[in-house]
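Participant: Dropping the structure in here first, questions after.
Just so it is clear, none of the values below were taken in a lab; they were calculated from the coordinates. From a predicted model like this one, the values you see are computed outputs, not experimental measurements. Counting neighbours? That spans all protein chains shown, and the Cβs are built from the backbone with ideal geometry, glycine included.
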Amino acid sequence: MTDAPDRPGFLRRLGIAGSNVLTPLHTALIATYTAIRWLGAGDWWLVDALGYILPWLFVPSLVLLPVALFRRRRAWRLLALVPPVLFCLTYGHLFLPRLPIETAGPEFSVLTHNVYYRNEDVDGVAAAIDAHAPDLFVLQELEPEMAAALDNRFASRYPTHRVEPGCGLWSRHPILEYAAYQLVPGEGDWVQQAVVEIDGRRITVLNVHPRSPPIQGIHPLGLPLAIPTGFVTAGRDGDVQGLLSRIARIDGPLIVAGDFNLTDQQSQYRVLTQHLHDAHRESSWGLGFTFTYSPPGSPPLWRIDYAFHSSHLVALSTARGGYGGSDHRPVIARFAFAE
């Protein structure tokens, strides 16, 4: 009588069972989402909403792929490889080395920061700006008390500035022209548009903050957690279309910076980048997350803050600063004129 072969331990059997269930489900989720987008249905509310958390949907592969590689079934390994391959197709360009670029004229830097309307940490916001000493900075969700305090801090270093309800712009260089307006008349946040002169060259700068799209839901049996039933993007998308109309009427070097309330996976991002370049994508490395829903200071979860620019300029580098009491990290972009 021969001894029966040793059975795998309980934890190993549990891991195999979990892999048997989670691997096909995870692959199906990622593949279905990608297929829907490739088929042109990226504006469907659920796909649009998932675009905010898409990088995090790939995280299970960190466990599922190594487990599958130790499985004997080749088909199982191929199944587990699908999400990593789609991650590389979606985000791989953000991890490639940047080619050298030719520039001309002066270099300058721009900082954009949503300082959070409930934020009272003036020292933190000022420190986040001081750490990078930009030539120009634009702020969103700026309350009057914060604006007055920052004006006192920076009056000598940034002699020209403009403040509107919810936003502000400070510059070391002269502001030659200025206007403030709403992208959709009577709706949404104010936009600041300034023509700044830097070493004899004129640059138009827009400080923008398209509206955040709220999630609709129902609360069955009065439960506190809602079941999502919709994603209201009309305000955000209307603001982006209004912005594109403004951009079409601007000639010469242009920078559009702010909190756009969309990630690089939303269809409106692709519309914007048909006309403008994303400084982070052009000059930086990695996913570049800037915003967190967690308490301020927690690791950021996705990227919704941008510095876009026209083809008259090139982005030399981008960086992210400290929160400064906000739920957003500032984005600092360094530019030069294209040769």
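Participant: For a quick protection proxy, order the peptides 264-272, 325-333 by their average other-Cβ count within 10 Å, most packed first.
Facilitator: Top to bottom by mean Cβ count within 10 Å: 325-333, 264-272.
Participant: Tell me, what is the FRET efficiency for Glu107 and Ser156 to the nearest 0.05, using R0 = 25 angstrom and their Cβ-Cβ distance as r?
Facilitator: Values: r = 23 Å, r/R0 = 0.91.
For Glu107 and Ser156, the calculated efficiency is 0.65.
Participant: Now for a separate question. Would you grab the residues whose amide H sits under 5 Å from the one on Gln182? Only those 5+ places off in sequence or on another chain, please, with H modelled 1.01 Å from N.
Facilitator: Counting only residues 5 or more places away or on other chains, the set is Val191.
Participant: Pull out the extension gain between Ser311 and Phe70, defined as 0.36 nm times the separation in residues minus the alpha carbon to alpha carbon distance; nm, one decimal. Please report the intermediate quantities before stating the final value.
Facilitator: Working: separation 241, 0.36 × 241 = 86.76 nm, distance 4.87 nm.
Full extension from Ser311 to Phe70 adds 81.9 nm.
Participant: Around Asn114, which amide H atoms from residues at least 5 apart in sequence, or from another chain, sit under 5 Å from its own amide H, with H modelled in the peptide plane?
Facilitator: Excluding prolines and chain starts, which carry no amide H, the hits are Gln140.
Participant: Could you compute the FRET efficiency for Trp56 and Ala179, with r as their C-beta to C-beta distance and R0 at 41 Å, rounded to 0.05? Write out the running numbers ahead of the final one.
Facilitator: Values: r = 39 Å, r/R0 = 0.96.
The formula returns an efficiency of 0.55 here.
Participant: Would you work out if the stretch 219-339 is rounded, prolate or oblate? Take a ≥ b ≥ c from the square roots of the eigenvalues of the alpha-carbon gyration tensor; rounded if a/c is under 1.5, else prolate when a/b is larger than b/c, oblate otherwise.
Facilitator: Since a/c reaches 1.5 but b/c is at least a/b, the shape of the stretch 219-339 is classed as oblate.
Participant: Can you tell me the length gained on complete extension of the stretch Glu187 to Glu143, counting 0.36 nm per residue apart and subtracting the Cα distance?
Facilitator: Details: separation 44, 0.36 × 44 = 15.84 nm, distance 1.82 nm.
Fully extending the segment from Glu187 to Glu143 adds 14.0 nm.
Participant: Could I ask something else about it? Could you list which residues have their amide H under 5 Å from that of Gly166, counting only those 5 or more apart in sequence or on another chain, with H placed in the peptide plane?
Facilitator: Residues meeting the criterion, in which the H sits 1.01 Å from N, are Leu142.
Participant: Let me ask another. For Ala41, project a label point 7 Å along Cα to C-beta. Then give me every residue of the stretch 251-277 with its amide nitrogen under 14 Å of that point.
Facilitator: So the set is empty, nothing qualifies.
Participant: In whole Å, what three semi-axes, largest first, describe the equivalent ellipsoid of the stretch 103-338 built from its Cα gyration tensor (square root of 5 times each eigenvalue)?
Facilitator: Numbers: eigenvalues 160, 86, 60 Å².
So the three semi-axes of the stretch 103-338 are 28, 21, 17 Å.
Participant: While we're looking at this one, here's another question. Per the Cauchy relation, a quarter of the hull surface: what is the mean projected area of the convex hull of the alpha carbons in the stretch 10-95, in nm²?
Facilitator: Details: hull surface 25.3 nm².
Averaged projected hull area, Cα only: 6.3 nm².
Participant: Dipole size in debye (nearest 20) for the chain around its Cα centre, Lys and Arg Cβ +1, Asp and Glu Cβ -1?
Facilitator: 1740
Participant: Return the inverse of the average 1/r over all pairs of distinct C-alpha atoms in the stretch 33-149, which is the Kirkwood hydrodynamic radius, in Å to one decimal. Before the final figure, lay out each step's value.
Facilitator: On the way: mean 1/r = 0.0521 Å⁻¹.
For the stretch 33-149, the Kirkwood estimate is 19.2 Å.
Participant: Once you have the Cα-Cα distance between Thr273 and Leu244, take 0.36 nm times their residue separation minus that, and quote the gain in nm to one decimal. Kindly include the intermediate steps, with their values, before the conclusion.
Facilitator: On the way: separation 29, 0.36 × 29 = 10.44 nm, distance 1.05 nm.
Full-extension gain reported as 9.4 nm.
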